[in-house]
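S.K.: Please read through the structure below; I'll follow up with questions.
The values are calculated or read from the model by the stated rules, or taken from the named source; none is laboratory data. None of these values were measured; they are calculated from a predicted model. Note that we place each Cβ from the backbone using ideal geometry, even for glycine, and neighbour counts take in every protein chain shown. In case anyone asks, the SASA skips ligands and DNA or RNA and just uses the protein heavy atoms, side chains included. Shrake-Rupley method; radii C 1.70, N 1.55, O 1.52, S 1.80 Å.
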Amino acid sequence: GENVEQHPSTLSVQEGDSAVIKCTYSDSASNYFPWYKQELGKRPQLIIDIRSNVGEKKDQRIAVTLNKTAKHFSLHITETQPEDSAVYFCAAMKYSSASKIIFGSGTRLSIRP
Amino acid sequence: DTAVSQTPKYLVTQMGNDKSIKCEQNLGHDTMYWYKQDSKKFLKIMFSYNNKELIINETVPNRFSPKSPDKAHLNLHINSLELGDSAVYFCASSQGGLAGGTPQFFGPGTRLTVL
């Protein structure tokens, strides 16, 4: 079955710097890759997603890149702000008769003032 | 407000009891899910229903029984609660779970504590 590995597990960056979180997946048939942000005590919320027919997608300070050949995708946050502090989850999914999303283990991002 | 809602938000109970968590979505989605998030924050899918039919049933004890009276509701009943069941349970929904990858929208979570 699909396996998603996420690194690093914790990340601390200075406010204003960039943060990068990387994920690899095992099933080459996976074709949908969402990223979720979970603040302390809150629900996971979708922040950006990418499909396999696209190599990069950007939304203001957040971007995601996908390398299908290497089976990895990354989240890039530029000009980090204190409110970016949260746990971030990557996920991978393939279309099938019983589609399910497999989540990475999460990255706890801390922004230092 | 359009959203995924769950009740209760907190649930504290004794070992051996039976409890239920309710979930409702008014987003018009046809697929609903239950996830368990343990103390290490790992999100693991438990069940998925599409139009009231069970389509995903991961390896969870049969003490857990989901029920979907209609496509807007997916409830989770847990029998004979054990200490290891303590976790946060999230309900989620999406559109077209069978057809393709679409975003999942999560409920606020139910923090279950078994004493």
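S.K.: Can you confirm whether segment A:11-31 contains a residue that is facing another protein chain (nearest Cβ under 10 Å), farther than 13 Å from residue A:92 by Cβ and open to solvent by 40 Å² or more (accessible area, probe 1.4 Å)? Show your work before the answer.
M.R.: Residues of segment A:11-31 facing another protein chain (nearest Cβ under 10 Å): A:30-31.
Right, trim to farther than 13 Å from residue A:92 by Cβ and you get none.
Scanning segment A:11-31, I find no residue that is facing another protein chain (nearest Cβ under 10 Å), farther than 13 Å from residue A:92 by Cβ and open to solvent by 40 Å² or more (accessible area, probe 1.4 Å), so the answer is no.
S.K.: Please go through segment A:52-76 and give me each residue that is closer than 19 Å to residue A:8 by Cβ and either in contact with a helix residue (DSSP H, G or I) (Cβ under 6 Å, 6 or more places away or on another chain) or surrounded by fewer than 20 Cβ atoms within 10 Å (Cβ to Cβ) (or both), ordered by number.
M.R.: Within segment A:52-76, A:62, A:63, A:65, A:67, A:70, A:71, A:72, A:74, A:76 qualify.
S.K.: Quickly run through segment A:54-113 and pick out the residues that are outside any strand (DSSP E or B), away from every other protein chain (no Cβ under 11 Å) and of a type in the set (D, E, K, R).
M.R.: Of everything in segment A:54-113, those that are outside any strand (DSSP E or B), away from every other protein chain (no Cβ under 11 Å) and of a type in the set (D, E, K, R) turn out to be A:61, A:68, A:71, A:79, A:83, A:84.
Condition check ((1) on the phi > 0 side of the Ramachandran plot; (2) at pLDDT 95 or above; (3) among the aromatic types (Phe, Trp, Tyr)) across all residues:
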residue: A:65; (1), (2), (3): no, yes, no
residue: A:74; (1), (2), (3): no, yes, no
residue: A:78; (1), (2), (3): no, yes, no
residue: A:85; (1), (2), (3): no, yes, no
residue: A:88; (1), (2), (3): no, yes, yes
residue: A:92; (1), (2), (3): no, no, no
residue: A:95; (1), (2), (3): no, no, yes
residue: A:99; (1), (2), (3): no, no, no
residue: A:110; (1), (2), (3): no, yes, no
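S.K.: Those residues that are under 15 Å from residue B:104 (Cα atoms) and within 10 Å of chain A (Cβ to nearest Cβ), I need them from segment B:22-46; list them, please.
M.R.: B:31, B:33, B:35, B:43, B:44, B:45
S.K.: Residue check, residue B:47 against (1) closer than 16 Å to residue A:101 by Cα; (2) in contact (Cβ under 8 Å) with a residue 40 or more places away in the chain, all met but one. Which one?
M.R.: Status for residue B:47: all satisfied but (2).
S.K.: Could you say which residue among B:11, B:81, B:76, B:54 is farther than 17 Å from residue B:107 by Cβ and either touching a helix residue (DSSP H, G or I) at 6+ places or on another chain (Cβ under 6 Å) or at pLDDT 95 or above (or both)?
M.R.: B:81
S.K.: Determine whether residue A:41 is open to solvent by 20 Å² or more (accessible area, probe 1.4 Å) and more than 10 Å from chain B (Cβ to nearest Cβ).
M.R.: Considered against the rule, which asks whether it is open to solvent by 20 Å² or more (accessible area, probe 1.4 Å) and more than 10 Å from chain B (Cβ to nearest Cβ), residue A:41 comes out as no.
S.K.: Further, regarding this structure: Take residues that are facing chain A (nearest Cβ under 10 Å), touching a residue at least 60 places away in the same chain (Cβ under 8 Å) and open to solvent by less than 50 Å² (accessible area, probe 1.4 Å) and tell me which of the strands (runs of 3 or more DSSP E) falling wholly in segment B:50-115 contain 2 or more.
M.R.: Ranges flagged: B:87-94.
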